[in-house]
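*Asks:* Quick one: the structure is below, and I'll ask about it shortly.
The values are calculated or read from the model by the stated rules, or taken from the named source; none is laboratory data. No experiment lies behind these values; they were computed from the predicted model shown. A quick note on method: Cβ atoms are made from the backbone with ideal geometry, for glycine too, and the neighbour counts reach across all protein chains shown. Only protein heavy atoms, including side chains, enter the accessible area calculation; ligands, DNA and RNA are left aside. Shrake-Rupley method; radii C 1.70, N 1.55, O 1.52, S 1.80 Å.
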Amino acid sequence: MGRSFTLSELAGQLGASFQGDPQLALRGIAPLSAAHEGDLTFITNPRYLPEAKDTRASAILCEKALPGVDKAFVVVPNPYLVLAKAIALFHPAPRYAAGVRPGAVVDGAASVDPAAVVFTGATVSAGAKVGKGSVLFPGVFLGEGAEVGEDCLIYPNVTIRENCRIGNRVILQPGVVVGADGFGFARDKDKYVKIPQVGNVVIEDDVELGANVCVDRAVLGTTRIGQGTKLDNLIQ
């Protein structure tokens with residue numbers, strides 16, 4: 001269940017101004033058409049302005065108060081950016097107790113920070129490292145010598161193969177594969193010879209990869225995903 005705020009509390013936490021009863025209770029956040037009394041709704045595109053008069057929400061997050069609309073307002077210059085902060089306030093990220101859960105497989109030669117979380121069904125191979133605050137959900141596989149930095153979210157069924165490195169605050173959505181072999185083959189008359197893929201992948205800080213993204217390892221060097229990169233689902 002989400003949190004609740006008064007109008008003035010919410011505006012203060014968002015760094016916004018407001019118009020309306022400071023003690024107005026806001027218990028959730030929802031789109032214009034689905035909102036109910038007690039909800040904060042939002043307008044991030046002017047084409048939705050006509051719907052504002054019909055919304056049942058108690059308050060509207062927008063760039064400026066709307067004439068003729070009998071609602072409270074939370075006013076900010078960039079409502080789309082602040083929407084992200086508002087959602088996080090009403091729906092804070094879950095917190096998990098640190099530690100390795102029963103049923104996780106952690107090799108004795110691996111290193112898992114005491115403040116990390118390794119869920120049942122995850123595997124951490126020899127020489128692999130998991131940093132402070134990172135979470136490995138069920139089905140995650142960390143190959144030999146692979147590294148995960150601090151405060152990462154590695155969602156279910158992610159594979160991070162041997163010697164690949166993940167930076168800090170990285171999010172890997174379910175099914176991501178990091179470090180699979182690249183598609184390298186040499187023609188030898190009537191057959192193909194596989195070229196060994198002995199490089200690795202480095203994913204820098206603050207990257208998010210969508211579900212089922214595949215990042216192949218290099219033949220000899222490094223496949224690098226630069227700091228702050230965001231990739232949608234199903235990208236190779």
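*Asks:* Counting other Cβ atoms within 10 Å, which trypsin sites (Lys or Arg not before Pro) in segment 51-98 have at most 13 and lie in a DSSP loop?
*Replies:* Hits after loop and neighbour filter: Lys64, Arg95.
*Asks:* With +1 assigned to the C-beta of every Lys and Arg and -1 to the C-beta of every Asp and Glu, and no other charges, what is the dipole magnitude of segment 93-158 about the Cα centre in debye, to the nearest 20?
*Replies:* 220
*Asks:* Throw me the Rg/Rh for the chain, computed over C-alpha atoms with Kirkwood Rh, two decimals.
*Replies:* 1.14
*Asks:* Angle check, please: helix 79-90 long axis (alpha carbons) against the longest principal axis of the chain (alpha carbons), in degrees 0 to 90, nearest 10.
*Replies:* In the chain, helix 79-90 runs at an angle near 80 degrees to the longest axis.
*Asks:* Okay, next question. Relative contact order, percent, of segment 1-44 when contacts are C-alpha pairs under 8 Å separated by at least 6 residues?
*Replies:* Relative CO of segment 1-44 lands at 33 percent.
*Asks:* On to the next question. Just to confirm the filter: which chymotrypsin sites (Phe, Trp or Tyr not before Pro) across segment 3-51 are DSSP coil and have at most 10 other Cβ within 10 angstrom of their Cβ?
*Replies:* none
*Asks:* Okay, next question. GNM, the chain, Cα, under 10 Å: largest mean-square fluctuation among Gly127, Gly167, Gly68?
*Replies:* Per the Cα network of the chain with a 10 Å cutoff, Gly68 tops the list.
*Asks:* So, for segment 1-137, what is the accessible surface per residue at a probe of 1.4 Å, expressed in square angstrom? Don't jump to the answer; show the numbers that get you there.
*Replies:* Working: 7490 Å² over 137 residues.
Using a 1.4 Å probe on heavy atoms only, each residue of segment 1-137 averages 55 Å².
*Asks:* Could you work out [θ]222 nm for the chain from helices alone, using -39500 (n - 2.57) per DSSP H run of at least four and dividing by all its residues? Round to the nearest 500 deg cm²/dmol.
*Replies:* After summing the helix terms and dividing by residue count, I get -2500 deg cm²/dmol.
*Asks:* For segment 1-157, what is the relative contact order in percent, using Cα pairs closer than 8 Å and at least 6 residues apart in sequence?
*Replies:* 14
*Asks:* How would Glu208, Glu37 rank on accessible area, largest to smallest, probe 1.4 Å?
*Replies:* Final ranking, largest accessible area leading: Glu37, Glu208.
*Asks:* If you average 1/r over all unlike Cα pairs in segment 50-136 and invert the result, what Kirkwood radius do you get in angstrom?
*Replies:* Result for segment 50-136, one decimal place: 16.7 Å.
*Asks:* Counting other C-beta atoms within 10 Å, and keeping those with at most 16, which DSSP coil chymotrypsin sites (Phe, Trp or Tyr not before Pro) do you find in segment 177-208?
*Replies:* Those that pass, being in a loop and sparsely packed, are Phe183.
*Asks:* When the accessible area of the chain is split by element with a 1.4 Å probe, what percent falls to carbon and sulfur?
*Replies:* Ligands and nucleic acids excluded, carbon and sulfur reach 53 percent.
*Asks:* Here is a follow-up. With N set to the number of residues, divide the alpha-carbon radius of gyration of segment 125-225 by 2.2 N^0.38 Å and report two decimals.
*Replies:* Dividing the Cα Rg of segment 125-225 by 2.2 N^0.38 Å gives 1.12.
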